[in-house]
Amino acid sequence: MKKYSVATYFYFIIPSLIGVFLFMTPILTEEGWKVPIAILANVLAGIVAPIISYFTIGMFAISAIGALIAKFIPRKNAKEPSMLDTLFYVNWFWTITRIIGLAFASMVVFNFGPSAINNENTGGLLMDPNEGLVTFLFTIFLFAGFLLPFLTNFGLLEFFGTMMVKIMRPLFKSPGRSSIDALTSWVGDGTIGVLMTSKQYEMGNYTKKRSRDYCHKFLSSVHHILYRCIGYCPFGTLFYSLLFDSSTLWNCISHYYASNLSTCEKGGYVYRWDTS
């Protein structure tokens, strides 16, 4: 058995404990149980609320106008694209989508256009500076981007992966390391789980198919959105309870079949039982 120095143990234990505390330890607050990363995000949300709408419009404008300009400028090196290339050189579908998104966001922020778009129950649900999803997602991703390495880069995934593989493999057809994705998504926030899964895919630990599968399995933000909509919509709890139950059932069915898809040499998909 290989022996490790005390410094190595501290290098693993201290950052991992910080990550577990920030992302997976619920703390009782006046608004209920929240993980520390969500508490920090709420504090930042109160600070950026006065400017977040205009900041979002600026990002939408840069994204849409940049993609439109890139359509008329030839790419210098298509084989090795730069960061700007990956941001702005998109197909016409996404270019038009960005332009439409900019138009809709402008209607909500500056309060013009059809009420179906700038109503507080539609566009306001996304763009409201105080309780909109844009503010929430901006703050949570900002903190998660800086603090997520405490969970992913110091051995916590590998440590739990060896112990949880016998549970995660039969239940979800996923490796043991995905247990951290699942726990972070359900105890903390689904967006953090998606960000962690994306990070694992970029590091080569997940395949593209499995990354999509894990994001659908462990994503819980939709529950947050649905329960928030209950207070906005006249249909009430029964409608969204039925919607939630049916979507959960559909996800379970799709996950079962997605777990048994195997990529052929020609790029197609065939059905078989995946025992890996």
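Data overview
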item	result
Per-region count, segment 40-57, residues surrounded by 14 or more Cβ atoms within 10 Å (Cβ to Cβ) and either among the β-branched types (Val, Ile, Thr) or under 28 Å from Asp181 (Cα atoms) (or both)	9
Subset of segment 70-83 [outside any loop (DSSP other than H, G, I, E, B) and surrounded by 11 or more Cβ atoms within 10 Å (Cβ to Cβ)]	Ala70
Residue among Phe10, Phe60, Phe93 that is surrounded by 15 or more Cβ atoms within 10 Å (Cβ to Cβ), of a type in the set (Phe, Trp, Tyr), at negative phi and part of a helix (DSSP H, G or I)	Phe60
Whichever residue in segment 153-195 is outside any helix (DSSP H, G or I) and charged (D, E, K, R) and, among such residues, is nearest to the chain's Cα centre (by Cα)	Asp189
Any hit, segment 94-107, residues being within 23 Å of the chain's Cα centre (by Cα) and without any contact (Cβ under 8 Å) to a residue 12 or more places away in the chain	yes
Only one of Lys76, Lys71 that is farther than 24 Å from Ile140 by Cα and without any contact (Cβ under 8 Å) to a residue 24 or more places away in the chain	Lys76
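A quick yes/no check of all residues on (1) in a helix (DSSP H, G or I); (2) among the hydrophobic types (A, V, I, L, M, F, W, C); (3) farther than 15 Å from Gln200 by Cβ:
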| position | (1), (2), (3) |
| --- | --- |
| Val108 | yes, yes, yes |
| Glu120 | no, no, yes |
| Leu126 | yes, yes, yes |
| Thr139 | yes, no, yes |
| Phe146 | yes, yes, yes |
| Leu151 | yes, yes, no |
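No value in this document is a laboratory result; all are computed from the given coordinates. In this text the structure is predicted, and so the values were computed from the model without any measurement. Glycine also receives a Cβ, built like all others from the backbone with ideal geometry; neighbour counts cover every protein chain displayed.
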